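Data first, discussion second: the structure below is written as structure tokens.
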Amino acid sequence: MGRQGACATVPAVVDRSLLAGVALFEGLADDALRVVADSGASRHLERGDLLFRQGEPADELFVVVSGRIAIATRSIDGRESMVALMEPGDLFGAMSFFDGRGRSTDARALEPSEVLAIPFGPLKAALDAQPDALWHVVELLAGRLRTTDEALADSVFLDVPGRTAKRLLELAGDADEFQLPLTQEELAGLVGASRERVNKAIAQFIRLGWIDQQDRRYRIRDREQLSRRSR
């Protein structure tokens, strides 16, 4: 488990284009976006640092500037399941902004990362003053619901090799060679299966000649077959 509260907080000089590309902020007028951006603070995290814990009270949301952040839930007995991977430009921690309740997940750095922390107060004031911008909030929430629907469909219609293939393709993006930013345990959490079953699926892909693997480095040799397996 990572260190909590170990991240360094410093005043942020924010490139407002970073926020302007996030659905939650897209509808804000320039002056309002400037006020929201100027209220932000930069947080620097090392791998394993815990930004917040499930159930904690919340008064700020975050945008990833660099690195990767794992969003995970925990069972009563302490088991972790990774539900999302946040990368540069992604917004997270906004659930509490909308419902006023505590954090619904943990957020932990998977590698050295920088996030921009935006306090709820200035953002709420900006949206109150410009209610038409709330349509962009609806767009954000609709996107999150679509992602949830897709994840639920994957759990029903895709087996473990199918889900593993899909997650590897998502992590690779357009590149055929990539380094996995996760441990095997973290990848298994993202797939929603045991580490043994995910490793077995990866071994199958290697035998079939679809991928090569060397530690955390992967090379996709047959993207077409891997894509077919992910559907």
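Scanning segment 80-94 for residues that are out of contact with any helix residue (DSSP H, G or I) (no Cβ under 9 Å at 6 or more places or on another chain) and among the hydrophobic types (A, V, I, L, M, F, W, C), we see that the one that is surrounded by the most Cβ atoms within 10 Å (Cβ to Cβ) is 86. A single entry from 96, 75, 104 fulfils the requirement of being among the polar types (S, T, N, Q) and either touching a residue at least 40 places away in the same chain (Cβ under 8 Å) or under 16 Å from residue 148 (Cα atoms) (or both): 104. Just one of (1) open to solvent by 50 Å² or more (accessible area, probe 1.4 Å); (2) farther than 19 Å from residue 191 by Cβ; (3) assigned to a helix (DSSP H, G or I) fails for residue 77. It is (3). When 165, 84, 126 are checked against the criterion of being in contact with a strand residue (DSSP E or B) (Cβ under 8 Å, 6 or more places away or on another chain), in contact (Cβ under 8 Å) with a residue 12 or more places away in the chain and not in a loop (DSSP other than H, G, I, E, B), 84 stands alone in meeting it.
Residue count for segment 185-231 under the criterion of being in a helix (DSSP H, G or I), open to solvent by 90 Å² or more (accessible area, probe 1.4 Å) and within 23 Å of residue 150 (Cα to Cα): the result is 5.
Sort out which residues of segment 41-57 are touching a strand residue (DSSP E or B) at 6+ places or on another chain (Cβ under 7 Å), among the small types (Gly, Ala, Ser) and open to solvent by 10 Å² or more (accessible area, probe 1.4 Å), and write them in order of number. Reasoning before the result, please.
First, pick out the residues of segment 41-57 that are touching a strand residue (DSSP E or B) at 6+ places or on another chain (Cβ under 7 Å): 41-54.
Then drop every residue that is not among the small types (Gly, Ala, Ser), which leaves 41-42, 48.
Residues satisfying the conditions are 41, 48.
Kindly evaluate residue 62 against the criterion of being aromatic (Phe, Trp, Tyr), free of Cβ contacts under 8 Å to residues at least 40 places away in the same chain and open to solvent by less than 50 Å² (accessible area, probe 1.4 Å). So residue 62 fails the test. Number of residues in segment 95-125 that are more than 30 Å from residue 30 (Cβ to Cβ), open to solvent by 60 Å² or more (accessible area, probe 1.4 Å) and in contact with a Leu (Cβ under 8 Å, 6 or more places away or on another chain): the value is 1. Take segment 149-160 and flag every residue that is open to solvent by 30 Å² or more (accessible area, probe 1.4 Å) and either touching a residue at least 40 places away in the same chain (Cβ under 8 Å) or assigned to a helix (DSSP H, G or I) (or both). 149, 150, 151, 152, 153, 155, 156, 157, listed by residue number.
The values are calculated or read from the model by the stated rules, or taken from the named source; none is laboratory data. The structure displayed is predicted, hence computed values, not measured ones. Glycine gets a Cβ as well: all are built from the backbone with ideal geometry, and neighbour counts include every protein chain shown. The accessibility values were calculated without ligands, DNA or RNA, using every heavy atom of the protein model including side chains. Shrake-Rupley method; radii C 1.70, N 1.55, O 1.52, S 1.80 Å.
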